[in-house]
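Structure record follows, encoded as structure tokens.
Every number here is computed from the coordinates shown, using simple stated rules; none is lab data. A quick note: this is a predicted structure, and the numbers were derived from the prediction, not measured. Neighbour counts are summed over all protein chains in view; Cβ atoms, including those assigned to glycine, are modelled from backbone coordinates with ideal geometry.
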Amino acid sequence: MSARPESPGAAGARPPLVLRGIRKTFGPLVALDDVSLEIPRGRTTVLLGPSGSGKSTLLRSINLLERPDAGTLDFGDGAVTLGGRLTGRTVRAVRGRSTMVFQQFNLFPHLTALGNVTLAPVSTRGLPRAEAEELGRTLLAKVGLAAKADAYPDRLSGGQQQRVAIARALAMEPDVLLFDEPTSALDPELAAEVVEVLADLAQEDRTLVVVTHSLAFARRVADKVVFLEDGQVLLDGGPADFFESSDERLRRFREVVA
Ligand code: ADP
Ligand code: MG
């Protein structure tokens, strides 16, 4: 289990990200049905659940890639009410709090690894180019790709592309990092190198939310497990609450997925 000693001033001291009553429908389909949960700071929250249970929709709602019909999001400085019309300013403010890493990497093909990592810091955060490049090189080194700074995505393996995408997300220095099945498009050996990078990030004082189908990975990195089913939170607890639960639905999921 990845439980770490409480470091003073790390988590705990900072308010969690709080979601209340998040509802999202697609026509008649209720994808998220009144979801409320807290995402602790400096910790790794793993989102589990069957396919179609609403995991991606929940992650995307935190980033407003999906606009919930109702609910509130609070990053610790006041709740934002979703559902009604949001001003562009509110949307930008909420979006600026989190960064998403997608299953399919979504790198810009016409930019080098370094170009991908520095683009947003320069254009969105207004960082001077030289500073952004220094940050970019540091982050590429962090994900084990110092030597690939000038490579274009089509010259990188899937695992390397995903590590560039992780460096790019880190370059935004977001409050919260969101990962939607970051290894599921990769062959096992390439997935393993991405898992190592994620496990390192999970050891740092970062707020991560990770959707995964890998129970081994969940067991390794999760400080908290949230299990969704049919758009509802079926379990919200520590890893042991999930891995040792005798709830029939959770047991079945563990057997099928493992
Ligand atoms: P998960 O990530 O857990 O597999 P999703 O959040 O992708 O689940 O989807 C939850 C439900 O919402 C599913 O039934 C899915 O088909 C539906 N859904 C997701 N996105 C859309 C969309 N853009 N339009 C219509 N239905 C959607
Ligand atoms: Mg999904």
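Numbers at a glance
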read-out: Share antiparallel - DSSP beta bridges, the chain, percent rounded to 5; value: 55 percent
read-out: Cross-link reach list, lysines versus K24, counting only Cα pairs under 27 Å and skipping chain neighbours closer than eight places; value: K55, K224
read-out: Relative contact order %, region 43-132, counting alpha carbon pairs below 8 Å whose residues are six or more apart; value: 17 percent
read-out: Efficiency of FRET between E189 and Y152 - r from beta-carbon atoms, R0 25 angstrom, step 0.05; value: 0.65
read-out: Sparsely packed GluC sites (Glu not before Pro) within region 154-258, loop by DSSP, other Cβ within 10 Å at most 12; value: E204, E244
read-out: Relative contact order (percent, whole number), region 162-233, Cα cutoff 8 Å, 6+ residue spacing; value: 34 percent
read-out: Added length on full extension, which subtracts the Cα-Cα distance from 0.36 nm per residue, A240 to F108; value: 43.6 nm
read-out: Cut-off 14 Å, label 7 Å out along Cα→Cβ of R95, residues of region 36-61 by amide N; value: 61
read-out: Whichever aspartates and glutamates have a C-alpha closer than 13 Å to that of K142, once near sequence neighbours (fewer than 8 apart) are set aside; value: E134, E193, E196, D200, E204
read-out: Length-normalised contact order for region 73-187 - Cα pairs under 8 Å, 6+ apart - percent; value: 39 percent
read-out: Those residues of region 48-65 whose amide nitrogen sits under 17 Å from the label point placed on D230, 7 Å along Cα→Cβ; value: 49-55
read-out: Length added when fully stretched, L86-R206, from 0.36 nm per residue minus Cα-Cα; value: 40.4 nm
read-out: Phi-based couplings in Hz for region 181-189 (Karplus 6.51, -1.76, 1.60; Gly and Pro marked x); value: 6, x, 10, 7, 8, 10, 4, x, 6
read-out: DSSP bridge orientation in region 128-258 - percent antiparallel, rounded to nearest 5; value: 50 percent
read-out: Among 181-187, 161-167, 76-82, the order from most to least packed when residues are scored by Cβ within 10 Å on average; value: 161-167, 181-187, 76-82
read-out: Folded to 0 to 90 degrees: helix 113-123 orientation relative to the chain principal axis, Cα; value: 80 degrees
